[in-house]
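Participant: Take this structure first; my questions come after.
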Amino acid sequence: MIEQRKPLPQSARRAGWVGCNIVMESIPDTGKIFFIKESQVVRKDNVLEKWQQTAFLKTAKPESKGWLVDVLNCLDKIPTAEFELQDVYAFEGELKELHPENRFVKDKIRQQLQFLRDKGLLEFTGRGKYKKLRLSNG
C-alpha cells in the first residue's frame with residue numbers, strides 16, 4: 001500500500017530524501033473510511049462504527065496483516081454479498097504471486113476467512129458458503 005518514490009535529485013534542498021505515496025487501489029474497500037462521500041458528509045457515528053470494524057488490524061502482526069489485506073482485496077472483487085470458498089480459491093494464483101514463500105495458499109485463505117468470520121465481517125452459512133456482513137465501501 002505504501003510505494004517508495006524516487007529520491008530527490010542532488011539539486012534539491014533536501015537531496016536524497018525519499019518520500020512515499022499511498023496506493024489507494026491497494027487498500028481494500030473495508031479499509032476505506034469516508035468522512036465525505038459523494039459530496040455528502042457521513043454521519044460521525046457511521047464513521048466511528050466503520051473505524052471500529054477494522055480496529056483489530058492495529059494489533060495484528062505485519063505478516064498477518066498482509067495476508068488479511070490481500071484476502072480482503074480478493075473479496076472486494078467478488079461482486080455478490082454471498083460467495084463460496086471456490087470463489088476465493090479462484091484468486092489462488094494471485095495470492096501465490098504475492099506470497100511466494102507460502103506453499104499452502106488454500107489453507108491460508110481458509111484461515112483468513114475464519115478470522116474475518118470471528119471478527120464479524122463474514123458469516124459462514126455452511127458447506128463452503130459465506131456472506132459478507134460488513135464488507136463494503138460505504
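Participant: Give the residue, chosen from 65, 106, 119, that is without any contact (Cβ under 8 Å) to a residue 24 or more places away in the chain, surrounded by 12 or more Cβ atoms within 10 Å (Cβ to Cβ), among the charged types (D, E, K, R) and within 18 Å of residue 27 (Cβ to Cβ).
Facilitator: 65
Participant: Go through 81, 90 for me and flag whichever is under 30 Å from residue 39 (Cβ atoms) and among the small types (Gly, Ala, Ser).
Facilitator: 81
Participant: With respect to the numbered conditions (1) among the acidic types (Asp, Glu); (2) more than 16 Å from the chain's Cα centre (by Cα); (3) at pLDDT 90 or above, which one is the sole condition not fulfilled by residue 45?
Facilitator: Going through the list (1) among the acidic types (Asp, Glu); (2) more than 16 Å from the chain's Cα centre (by Cα); (3) at pLDDT 90 or above, residue 45 breaks only (3).
Participant: May I ask you to verify whether residue 131 is in contact with an Asp or Glu (Cβ under 8 Å, 6 or more places away or on another chain), modelled with pLDDT of 80 or more and surrounded by 12 or more Cβ atoms within 10 Å (Cβ to Cβ)?
Facilitator: Here the answer is yes, as residue 131 does meet what is asked.
Participant: Please go through region 71-83 and pick out each residue that is under 16 Å from residue 115 (Cα atoms) and free of Cβ contacts under 8 Å to residues at least 60 places away in the same chain.
Facilitator: Passing the criteria: 71, 73, 74.
Participant: Restricting to region 122-134, count the residues that are touching a residue at least 40 places away in the same chain (Cβ under 8 Å) and more than 13 Å from residue 85 (Cβ to Cβ).
Facilitator: Adding up the residues that qualify gives 2.
The values are calculated or read from the model by the stated rules, or taken from the named source; none is laboratory data. Fair warning: this is a prediction, and the values are worked out from it, not measured in the lab. Every residue, glycine as well, gets a Cβ built from its backbone with ideal geometry; the counts of neighbours run over all protein chains shown.
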